[in-house]
Amino acid sequence: MRVKNVRYTPGGGAEIIDVDVPDPGPGQVQIEVAACGICSWDIQTFKSGSDSPYAAPPGHEGVGYIAKLGPGVTGIEIGQRVAGGGFGRLRNAPARSVYPIPDSELDDPHWIVEPVSCVVTGMDHCQLRAGERLAMVGCGFMGLMMIQGLAGVGADQLIALDIDDGRLELAREMGATEAHNVTSPGFAKTRAELRGRGIDTVVDTSGSQDGLDLATDIVRRAGRINLFGWIKGDQASFNPSTWHGKAITIVNSSPAAQMRDPFPPAIRLIEKGVIDLKPLVTHVVPIDDYPSFMTGVTTGQVDGYIKGVVRH
């Protein structure tokens, strides 16, 4: 069957193409994708192009419904809502790689499980104990979800740091005990005060050199920096004498660093409302609008953007 999908183009941009999707093979299921989140990796690939060494596949945060079962597949039903799929309307996947979603009134764009699974891994690597202090550098989609997840674990302080006042207000609503704009005129004084707080863990979700530098500056001696964000490219810098002298523990909580299968707990966190995507999914677009929408996102012409979702 021919369906629409996204193809990133060399040098930047994307186009809508038609692709053939065959029936599922042995051990596979066919997912009729209902919605798929737009990852920061997609945004970077749209900017850099399909010829980038760090190019993303066309969507990987899908949610959909089982349309067909391949030979030998048991234990899953036609029509079951599952986590899995990309931007294309149909995708075949190994049955073992899809995760059933429980009955829920939540709309499909609010069941984007894959990024929540990444947040579970990030939370696991915080190893936050009751009464400890944590700072979140970067309050985009991932940082705000992590604040929601960490707000109930008994932190003494949960400090949100970002460049956008709107996102900082959301961080407060979602459980941050305080929030500071790092571009404000008075932040130099705040930064010096944070340096003396004894912040046990700093999570850097910013994916920027400035964010990493800030995390290094404010974490306490023998504290932890959790590198959740991805500084996309070939190089980043750090002061090895500072890292050594402060005896900082550095952990990388990218998806490959998972300490357990993060999808089942991610599904439970969404189901229970601990992590709520409704206030974070700010834009939902049809697949035909993807190239023009992404042009707007990457040139700053889309107001209030936190998370976009392609919906069929």
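The values are calculated or read from the model by the stated rules, or taken from the named source; none is laboratory data. Quantities reported herein were computed from a predicted structural model and do not represent experimental measurements. Here the Cβ positions follow ideal geometry from the backbone for every residue, glycine too, while neighbour counts run over all protein chains shown. Ligands, DNA and RNA are stripped out before the accessible areas are found, and what is left, the full protein with its side chains, is counted by its heavy atoms. Shrake-Rupley method; radii C 1.70, N 1.55, O 1.52, S 1.80 Å.
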| said: I'd like to know if region 256-266 contains one or more residues that are under 21 Å from V116 (Cβ atoms), touching a residue at least 24 places away in the same chain (Cβ under 8 Å) and part of a strand (DSSP E or B). | reply: no
| request: Collect the residues in region 258-278 that are over 13 Å from Y99 (Cα atoms) and surrounded by 14 or more Cβ atoms within 10 Å (Cβ to Cβ), keeping them in residue-number order. | output: Q258, L269, I270, E271, V274, I275, D276, L277
| Quick check: is even one residue across region 223-231 at pLDDT 95 or above, exposed (fewer than 15 other Cβ atoms within 10 Å of the Cβ) and charged (D, E, K, R)? | no
| task | Within region 78-94, work out how many residues are open to solvent by 30 Å² or more (accessible area, probe 1.4 Å) and of a type in the set (G, A, S). | result | 1
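Residues checked against (1) over 19 Å from K278 (Cα atoms); (2) not aromatic (F, W, Y):
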{"residue": "A34", "(1), (2)": "no, yes"}
{"residue": "C39", "(1), (2)": "no, yes"}
{"residue": "K47", "(1), (2)": "yes, yes"}
{"residue": "P57", "(1), (2)": "yes, yes"}
{"residue": "L69", "(1), (2)": "yes, yes"}
{"residue": "A83", "(1), (2)": "no, yes"}
{"residue": "F87", "(1), (2)": "yes, no"}
{"residue": "A93", "(1), (2)": "yes, yes"}
{"residue": "H110", "(1), (2)": "no, yes"}
| query | Does S206 satisfy the condition of being part of a loop (DSSP other than H, G, I, E, B), within 17 Å of the chain's Cα centre (by Cα) and either under 28 Å from V284 (Cβ atoms) or aromatic (F, W, Y) (or both)? | reply | yes
| query | Hey, among the residues in region 267-299 that are in a strand (DSSP E or B) and not polar (S, T, N, Q), which one's nearest to V120 (Cα to Cα)? | reply | V281
| request: Having 1 or more residues that are surrounded by fewer than 21 Cβ atoms within 10 Å (Cβ to Cβ) is the bar; report the helices (runs of 4 or more DSSP H) wholly within region 105-175 that clear it. | output: 113-126, 165-173
| said: Which pairs turn up if I take residues in region 67-87 that are under 13 Å from E32 (Cβ atoms) and look for partners that are among the aromatic types (F, W, Y) and open to solvent by 70 Å² or more (accessible area, probe 1.4 Å) with beta carbon separation below 7 Å, at least 6 apart in sequence or on another chain? | reply: G79/Y65; Q80/Y65; R81/Y65
| Checking G75 against (1) open to solvent by 60 Å² or more (accessible area, probe 1.4 Å); (2) in contact with a helix residue (DSSP H, G or I) (Cβ under 9 Å, 6 or more places away or on another chain); (3) not in a loop (DSSP other than H, G, I, E, B); (4) not β-branched (V, I, T), which single condition isn't satisfied? | (3)
| Residues being on the phi > 0 side of the Ramachandran plot and buried (at least 23 other Cβ atoms within 10 Å of the Cβ) - total across region 207-222 | 0
| request: Kindly provide the set of residues from region 191-206 that are open to solvent by less than 30 Å² (accessible area, probe 1.4 Å) and of a type in the set (D, E), ordered by number. | output: D200, D204
| field | Filter result for the condition that a residue is among the hydroxyl-bearing types (S, T, Y), in a helix (DSSP H, G or I) and under 23 Å from C118 (Cα atoms), over T242, T216, T201 | value | T216
| message | For the structure I just gave you, tell me whether D204 is among the acidic types (D, E) and under 21 Å from V251 (Cβ atoms). | response | yes
| task | From (1) surrounded by fewer than 24 Cβ atoms within 10 Å (Cβ to Cβ); (2) within 21 Å of S117 (Cα to Cα), pick out the condition that doesn't hold for A188. | result | (2)
| said: Of everything in region 9-38, what is closer than 16 Å to R91 by Cβ, buried (at least 16 other Cβ atoms within 10 Å of the Cβ) and either in contact with an Asp or Glu (Cβ under 6 Å, 6 or more places away or on another chain) or not aliphatic (A, V, I, L, M) (or both)? Give them in sequence order. | reply: P24, Q28, Q30, E32, A34, A35, C36, G37
